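The values are calculated or read from the model by the stated rules, or taken from the named source; none is laboratory data. Keep in mind that what you see is a predicted model, and the values were worked out from it rather than measured. Every residue, glycine as well, gets a Cβ built from its backbone with ideal geometry; the counts of neighbours run over all protein chains shown. Remember, those area values only see protein heavy atoms, side chains included, never the ligands or the DNA or RNA. Shrake-Rupley method; radii C 1.70, N 1.55, O 1.52, S 1.80 Å.
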Amino acid sequence: MDLFELVDEHGHEQLVLCNEPSCGYRGIIAIHNTVLGPALGGTRFWHYGSSDEAIVDALRLARGMTYKAAVAGLNLGGGKSVIIGDNRTTRREEIFRAHGRFVETLKGRYITAEDVGTSVDDMEYVAMETEHVTGRAGTSGDPSPVTAYGVYRGIKAAARHKLGSDDLAGITVTVQGVGHVGYYLCQNLAGEGARLVVTDIDPDRVQKVVHDFGATAVGPDEIYSVPADVYAPSALGATINDQTLKVLNVKIVAGAANNVLAEERHGDELHRRGVLYAPDYVINAGGLINVCGELNGWTPERSMRKAGDIYNTLLRLFELSEAEGLPTYQAADRLAEDRISKVGALQRTWV
């Protein structure tokens, strides 16, 4: 694998390989783009099959963060870091303090946070070595309500564009995954009178939503074939795939999950069928907005208002998609790239 060709493929700025033999720490920090601001992205701790696989994952995730921040209107770039190893290890202080020292070498070009395989406690170790870390205990708090509110507002925007009204009373929404974000999403939807059909691999979570919001429960494999207005994937990724498209019977796909499309061609197929897809990194940007609020000292109310603006962002995206005949996932990339280009073209003035 030629590293420079790999980095150049999507215009990444920097790739940092990090090593601390004393504790077995091996880390990778990828910075995609800092035109809009410092690169923000969490630290993922995972047992990768190879270092090549870890590098590709870091680069891919960093690029996704750039686009998410750009479309959300935030003054942040995209970055990501991964740690290679068993995330069940008890040697966490040494590993995460080593990671924090490498983050510190970038002097604020990259800001990290928790991600898959890491926790708030791990970020406390990172913070012993650098101030460029967010999502610590006692700061911005659980991002789930903000993320869910943004998704709820995104569903309203999709309903307005596709169904002619953003009033969700009486429409049927199938929600796949009712964990933290999914639960709050159901709360928002039920509060407006939507009919909920839900599933989760955890039966206790399902029963709580059934009890609290009058939802109807179905099995994990049944959710895809339920006739509904909206399918809201809010747990697993890649649930729009060759198998689910055979039975999917909805007008809108809009949920909190990441990487909803198994492949880009599945987004093309939704477009061909006239099913409106709200791109995942646009509609689920509430968590990133919550972290941005922490960095900038926003009140919780301001973060919630900013998440609510996902409604207007999606309406612009849907209009672009319709005007240009583009699948919505391509229209989202176009919006992100356009903002980065325009801000990057501004002349710097002497202060």
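General remarks:
- Checked against the criterion of being closer than 18 Å to T130 by Cβ, surrounded by 24 or more Cβ atoms within 10 Å (Cβ to Cβ) and not basic (K, R), the stretch 45-55 contains one or more residues that satisfy it.
- Matching residues, the stretch 99-132, being open to solvent by 10 Å² or more (accessible area, probe 1.4 Å), touching a Ser or Thr at 6+ places or on another chain (Cβ under 6 Å) and without any contact (Cβ under 8 Å) to a residue 40 or more places away in the chain: E104
- In a residue-by-residue description of the stretch 338-350, the property of being part of a helix (DSSP H, G or I), at pLDDT 95 or above and under 16 Å from I283 (Cα atoms) applies to no position.
- Going through (1) in a strand (DSSP E or B); (2) more than 22 Å from the chain's Cα centre (by Cα) one by one, F45 falls short only on (2).
- Residue within the stretch 2-13 that is at positive phi and free of Cβ contacts under 8 Å to residues at least 40 places away in the same chain present: yes
- A search for C-beta distances below 8 Å between a residue of the stretch 268-294 that is aromatic (F, W, Y) and any residue that is assigned to a loop (DSSP other than H, G, I, E, B) and open to solvent by 20 Å² or more (accessible area, probe 1.4 Å), counting only pairs 6+ apart in sequence or on different chains, returns Y281/N258.
- Pairs with Cβ under 6 Å, 6+ apart, first in the stretch 234-251 and within 10 Å of A262 (Cα to Cα) and touching a residue at least 12 places away in the same chain (Cβ under 8 Å), second part of a loop (DSSP other than H, G, I, E, B) and of a type in the set (A, V, I, L, M, F, W, C): G237/A257; A238/A262; I240/V260; N241/A262
- Selection over the stretch 73-105 of residues that are outside any strand (DSSP E or B), within 30 Å of V282 (Cβ to Cβ) and in contact with a strand residue (DSSP E or B) (Cβ under 7 Å, 6 or more places away or on another chain) gives a count of 4.
- One residue stands out among those in the stretch 30-43 that are surrounded by 22 or more Cβ atoms within 10 Å (Cβ to Cβ) and out of contact with any His (no Cβ under 9 Å at 6 or more places or on another chain): the one that is farthest from A72 (Cα to Cα), which is G42.
- Top-ranked residue of the stretch 160-184 - restricted to ones that are part of a helix (DSSP H, G or I) and over 30 Å from D204 (Cβ atoms), ranked as most open to solvent (accessible area, probe 1.4 Å): R160
- Within the stretch 62-79, restricting attention to residues that are crowded, with 24+ Cβ neighbours inside 10 Å and either modelled with pLDDT under 95 or in contact with a Lys or Arg (Cβ under 7 Å, 6 or more places away or on another chain) (or both), the residue that is nearest to N33 (Cα to Cα) is G78.
- Consider the stretch 137-153 and keep the residues that are in a helix (DSSP H, G or I) and among the small types (G, A, S). The one that is farthest from N296 (Cα to Cα) is A148.
- Any hit, the stretch 277-297, residues being in contact with a Pro (Cβ under 9 Å, 6 or more places away or on another chain), more than 26 Å from T34 (Cα to Cα) and either in a helix (DSSP H, G or I) or small (G, A, S) (or both): no
- Output for the stretch 185-208, where each listed residue is in contact (Cβ under 8 Å) with a residue 12 or more places away in the chain and over 18 Å from L236 (Cβ atoms): Q187, N188, L189, A190, E192, G193, A194, R195, L196, K208
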